[in-house]
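Data first, discussion second: the structure below is written as structure tokens.
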Amino acid sequence: MEDLILYIVKRLVKNPDEVKVEEGEMRDDITVYNVTVAEEDKGFVIGKQGKVAKALRCIVKAAAYREGKRINIDIL
């Protein structure tokens, strides 16, 4: 999952070298991934009214579901 998240986010930002994806803690049997981007790139990843972030979460959750996993993404 980290590779998929990294692949998508790097194509959305101006500074792809500063993108980091780390597997965080488990919350109620859900794996949380922390995505860190440069401060000026947060708007690109979140999008207007959070639409880009919602789409990213939807794609990654669908891929995780196929593997029998439950995940969530936090954008830092």
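The values are calculated or read from the model by the stated rules, or taken from the named source; none is laboratory data. Since we're looking at a predicted model, the values are computed, not measured. All Cβ positions, even for glycine, are placed from backbone atoms using ideal geometry, and neighbour counts span all protein chains on display. With ligands, DNA and RNA removed, areas are computed over all heavy atoms of the protein, side chains included. Shrake-Rupley method; radii C 1.70, N 1.55, O 1.52, S 1.80 Å.
Tabulated results
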read-out: Share of pairwise Cα separations in the chain, more than 17 Å, in percent; value: 40 percent
read-out: Extended-chain gain in nm, criterion 0.36 nm per residue less alpha-carbon gap, Asp29 and Tyr65; value: 11.6 nm
read-out: Fraction of accessible area attributable to carbon and sulfur, region 12-53 (%, probe 1.4 Å); value: 46 percent
read-out: 0 to 90° range, to nearest 10: angle between helix 51-66 axis and the chain longest Cα axis; value: 30 degrees
read-out: Computed [θ] at 222 nm, helices only, for the chain once each DSSP H run of length n ≥ 4 contributes -39500 (n - 2.57); value: -11500 deg cm²/dmol
read-out: FRET efficiency estimate (nearest 0.05) - Cβ-Cβ, Lys51 to Lys10, R0 22 angstrom; value: 0.70
read-out: Within region 16-32: backbone nitrogen closer than 18 Å to the Glu39 label point (7 Å, Cα to C-beta); value: 16-20
